[in-house]
1. For Arg79, enumerate residues with amide H under 5 Å from its amide H, sequence gap 5+ or separate chain, H modeled in the peptide plane.
2. Please list, in order along segment 420-434, the HN-Hα scalar couplings obtained from phi with the Karplus expression 6.51 cos²θ - 1.76 cosθ + 1.60 (θ = phi - 60°), rounded to whole Hz, x for Gly and Pro.
3. With unit charges on the beta carbon (Lys/Arg positive, Asp/Glu negative), name the residue among Val401, Ser387, Gln170 whose Cα is farthest towards the positive pole of the charge dipole of the chain.
4. Could you give the distance between the Cα centres of segment 307-339 and segment 391-435, to the whole Å?
5. If you add up the charges near Val402, with Lys and Arg at +1 and Asp and Glu at -1, over every other residue whose beta carbon is less than 9 angstrom from its beta carbon, what do you get?
6. Restricting to DSSP H runs of at least four residues, report the calculated mean residue ellipticity at 222 nm for the chain, -39500 (n - 2.57) per run over all residues, nearest 500 deg cm²/dmol.
7. Of the DSSP beta bridges with both residues in the chain, give the percent that are antiparallel, rounding to the nearest 5.
8. Can you give me the long-range amide H partners of Ser341? Hydrogens built in the peptide plane at 1.01 Å from N, cutoff under 5 Å, separation of 5 or more residues or another chain.
Amino acid sequence: MKNTNPGIFNELSQRSVNVAHHLRTMARVQPYRRAVVFPAGRDNNGYVAYSHLTFRQLDRESDCFAHGLNQAGIKRGIRTILMVNPSLEFFALTFAMFKIGAVPVMVDPGMGIKRMLSCLRESKAEAFIGISKAHVLRIFCKNFFKRINTAVTVGKRWFWRGLTLNDIRQLPWKHYPIADTGKNELAAICFTTGSTGPAKGALYTHGIFDAQIRLIRQQFGISLDEIDLPTFPLFALFAPALGMTAIIPDMDPAKPAHVDPNKIIEAVVNHGVTNMFASPALLNRVGRYGEKNTIKLPSLKRIISAGAPASPDNIARFSRMLDDDSEIHTGYGATEAMPVSSFGSKEILAETADLTKKGFGICVGPPIKSITVKVIKINDNPIKKWSESYLLENGEIGELVVKADIVTQGYFENPVHDALSKIEDDGEIWHRMGDLGWLDKKGRIWFCGRKSHRVITANKTLFTIPCEAIFNNHPAVFRSALVGIGQAPNQRPIMCVELEHASDKLDTAILEKELLEMARQNVLTEDLNTIFFHPGFPVDIRHNSKIFREKLVPWAAKKLNTHVS
């Protein structure tokens, strides 16, 4: 039975602003309902054996950890690197830190060792909580962790000193008073993937987390009887705060494009999952498997996809696995501002899919209520003060800027990128998304690619998503990527193409002629006359969906030199 009693949630507004209050409320309202479920192994018949914590257990476990962490020196305001795999301990530790008022530093290990170490050093963290492998990194790269004075090992402690999680867990249970944090107090530092530049530490306040929880609940109508399958760890933390049961998926969160579809489908069927967060790469992987094997997932009523634009074909394919009244919601946002918009698959497939294929961009829907989105003239320089003179008319492609209470106000000790990404407006902040797009007459956002990826030729400016859509219409093309060789405003546009199925039998010379003929027939791509076939695009680690065009540029330049000679 659904429970959407507004009184449960309204009482939270009377307290200090801290996401841990949401968990404590759920522990009171539904104490014996499962909060987090973890696939612990398999029995002799191959069935999954699960361990779990109820909301009451999770609240109490986080209390036990909070007492121990505080006694160990991880107190309010202490920046603490958290490198723990998705697990029951991950949830309990994170909420323990929120209760203390400590500041978890979240970094994706999959972004690469060198980039990750740089982020961890920039955070100036004073404490470190991690699995054994993470501590090995801390020990052997000690110059990046000079400020660390408290270390906690989750799992077996090897050849280093410090506390273990068993040392931290204080029993018997005692109530831990949640820190009376204000809405502007720092709650966490979440690093961007750095897919189009250096990774930056976005400053999340308790007010931003609280606003996100309320926005997600209202936008998607999430009730207390729901089962969530979050395939990205950071989004998993929202589930207990929203009152949903979080099923931790049996997968490598850094490689959603290579997930085992059987394990995702198994989790959905075993638990009657109603809500799932999935990147386009995971949708593609599971959707293709489901289509091939005629699989239906009747319990799923809502899929939220983010991380990169999901193509209409991808959405249509996965939708065939769902009941008619279920829907895929493609969201738009960034680490610095999420969620910004949401768009249902029914409207996508009925109204905007054909326009996307014709090069209008990808429609990501109207801004969510209370969020303001504008389009301004493209500018690569800092904009200190907001002015209405920057605005473009509906239908014109420009920079997307966002203002809302879910928008981060800056980066951790990074004034250069603060200046490039933030615009001050009478005490409020507009965040420059770094994306290009336009607004239609219905106020819907059409995404046209990253600002840094646009190609400026002597004749015109080419935008990635619209141009690539023309090539993606060919059945032999899996995806394409526009890059520019040389310096603006005289760049040479190159279209890199990844094939649907690479085969020795495929005549790429004939395919190239067909693609060039398609390009010549469209005003967006008529100037494109060079195509290179790539064996497999480099993509972001977090969602395996964003194409690293920066890495394709030197590859294409080398191919171009060979091609010309």
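1. Long-range HN contacts for Arg79: Val103, Glu126.
2. 7, 10, 10, 10, 7, 9, 6, x, 9, 10, 9, 9, 7, 5, x
3. Gln170
4. So the separation of the two Cα centres works out to 25 Å.
5. +2
6. -9000 deg cm²/dmol
7. Around 60 percent of the beta bridges assigned by DSSP in the chain are antiparallel ones.
8. Tyr332, Ile368
A short reminder: the numbers here are calculations on the coordinates, not readings from a lab. Quantities reported herein were computed from a predicted structural model and do not represent experimental measurements. Because the Cβ atoms are built from the backbone with ideal geometry, glycine has one as well, and the counts that use them run over all protein chains shown.
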